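K.L.:
My questions all concern the structure below.
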Amino acid sequence: MPDWTVKDIPPQTGRIAVVTGATSGIGYEAAEALAAAGAKVVIASRNEVRAQEAIAKIRAATPGADVTFEALDLSSLDSVARTATRIADRLPHIDLLINNAGVMAIPDRHETEDGFEMQMGANYIGHFAWTMRLLPKVSAAENPRVVTVSSLAHRSGRINFDDLQWRKRYRPWPAYCQSKLATLLFSLELDRIARAEGWKLKSIAAHPGYAVTGLQTTGPRMGRDRPSLFELTMKWMEPLASQSAAAGALPTLFAATAPEAEGGAMYGPNGFYELKGPPVRAKIAAHAHDQAIWRRLWDISEQLTG
């Protein structure tokens, strides 16, 4: 495909998009671009102050933009349930469900209120429950899509079924890689189910490459008062290998809006190691193609989320 940009987004008038974690980074850039294209956008996020700031910026860029906020904490299944119920009560359908929010490389093990390791809980389990609760509203749309943001880190990830929550030996980066592999496997299995059941839904994964956002500092500094070695390493790499949050959002926006985007695929940058560049179909690691693991993770996720 030629170099795809926000100018290639088809008109989104009449479409409804729900985006998690859209107060900053690639989530914000995606929300802003969708609103500019005419979509009604719901920002689902924890921080209302930052959400209102984001909404004000979007409305300044696109006067009359239809953007609203819903409080959502993906590390709480109770919050997921309550917010999904509110959204389902007020929206007729959801055309685009964009699962974007995430946290990376928390140095010490933290648990969600439900007892999940924080990265697995917020990045994956919360989004699994969120999507399942909103699926009836997604299915009510004409040509709905669920876009789930994964990461290049999925290539290093393995699903540790014997210790899914890292209680025995916690390691920040492998825990992050597992969570982002899980988001990818979820996207692939959801699309397989949709095709098997004859649903109109497309489930598509995306990854931003190395986009400079708050992701590189928020998680690594959790519980710390100084930069971690991980954070310093990422900072050193930025001039060589990174791109802006706006550029990092393009694979998500392509997956959400491009007519040619395919269900069961992942889109990411086209540059070296898929670190930066315009969106293209991305490489999915060989171990992520095992459908038995897709199914096993799905079954366990249903049990964990009720």
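K.L.:
Can you give me the long-range amide H partners of residue 39? Hydrogens built in the peptide plane at 1.01 Å from N, cutoff under 5 Å, separation of 5 or more residues or another chain.
P.N.:
Distant-sequence amide H within range of residue 39: 12.
K.L.:
Also, I was wondering about something else. Between residue 101 and residues 5 or more places away or on another chain, which pairs have amide H atoms under 5 Å apart, with H built 1.01 Å from N, and which residues are they?
P.N.:
20, 21
K.L.:
Can you give me the long-range amide H partners of residue 267? Hydrogens built in the peptide plane at 1.01 Å from N, cutoff under 5 Å, separation of 5 or more residues or another chain.
P.N.:
205, 206, 207, 282
K.L.:
Please compute the modelled spin-label separation between residue 89 and residue 48, points set 7 Å along Cα→Cβ, answer in nm with one decimal.
P.N.:
1.6 nm
K.L.:
Right, another one. Could you work out the local net charge near residue 300, counting Lys and Arg as +1, Asp and Glu as -1, over the other residues with Cβ closer than 13 Å to its Cβ?
P.N.:
Residues close to residue 300 contribute a combined charge of -3.
K.L.:
Counting Lys +1, Arg +1, Asp -1, Glu -1, what net charge surrounds residue 249 among other residues with beta carbon under 10 Å of its beta carbon?
P.N.:
Net charge in that neighbourhood comes out at -2.
K.L.:
Using label points projected 7 Å from each Cα along Cα→Cβ, tell me how many nm separate residue 291 and residue 196, to one decimal.
P.N.:
The answer from the label model is 0.7 nm.
K.L.:
Which percent of the accessible area of the chain is formed by carbon and sulfur heavy atoms (probe 1.4 angstrom)?
P.N.:
The C+S portion of the solvent-accessible surface of the chain is 52 percent.
K.L.:
Additional query: What does the extension gain come out to for residue 60 and residue 5, with contour length at 0.36 nm per residue minus their alpha carbon separation?
P.N.:
Net length gain for the segment: 17.7 nm.
K.L.:
Ok, one more. Over the range 38-128, what relative contact order in percent results from Cα pairs under 8 Å that are six or more residues apart?
P.N.:
26 percent
K.L.:
Between the range 133-191 and the range 242-306, what is the C-alpha centre distance in whole Å?
P.N.:
Result: 10 Å between the Cα centres.
K.L.:
Next up: What is the sum of charges around residue 70, taking Lys and Arg as +1, Asp and Glu as -1, for the other residues whose C-beta is under 15 Å from the C-beta of residue 70?
P.N.:
Net charge in that neighbourhood comes out at +3.
K.L.:
Please list the helices of the chain that count as membrane-span-like by this rule: a mean Kyte-Doolittle hydropathy of at least 0.0 together with Cα atoms stretching 30 Å or more along the helix axis, each helix being a complete DSSP H run.
P.N.:
TM-like helix candidates: 172-197.
K.L.:
If contacts are Cα pairs under 8 angstrom and at least 6 residues apart, what is the relative contact order of the chain in percent?
P.N.:
After rounding, I find 18 percent.
K.L.:
For Cα Rg over 2.2 N^0.38 Å, several values are listed as (i) 1.25; (ii) 0.92; (iii) 1.13; flag the one computed from this structure.
P.N.:
The value computed from this structure is option (ii).
The values are calculated or read from the model by the stated rules, or taken from the named source; none is laboratory data. Source: prediction; values computed, not measured. In this analysis, Cβ positions are derived from the backbone assuming ideal geometry, glycine residues included, and neighbour counts consider all displayed protein chains. SASA here: full protein model, heavy atoms, side chains in, ligands and nucleic acids out. Shrake-Rupley method; radii C 1.70, N 1.55, O 1.52, S 1.80 Å.
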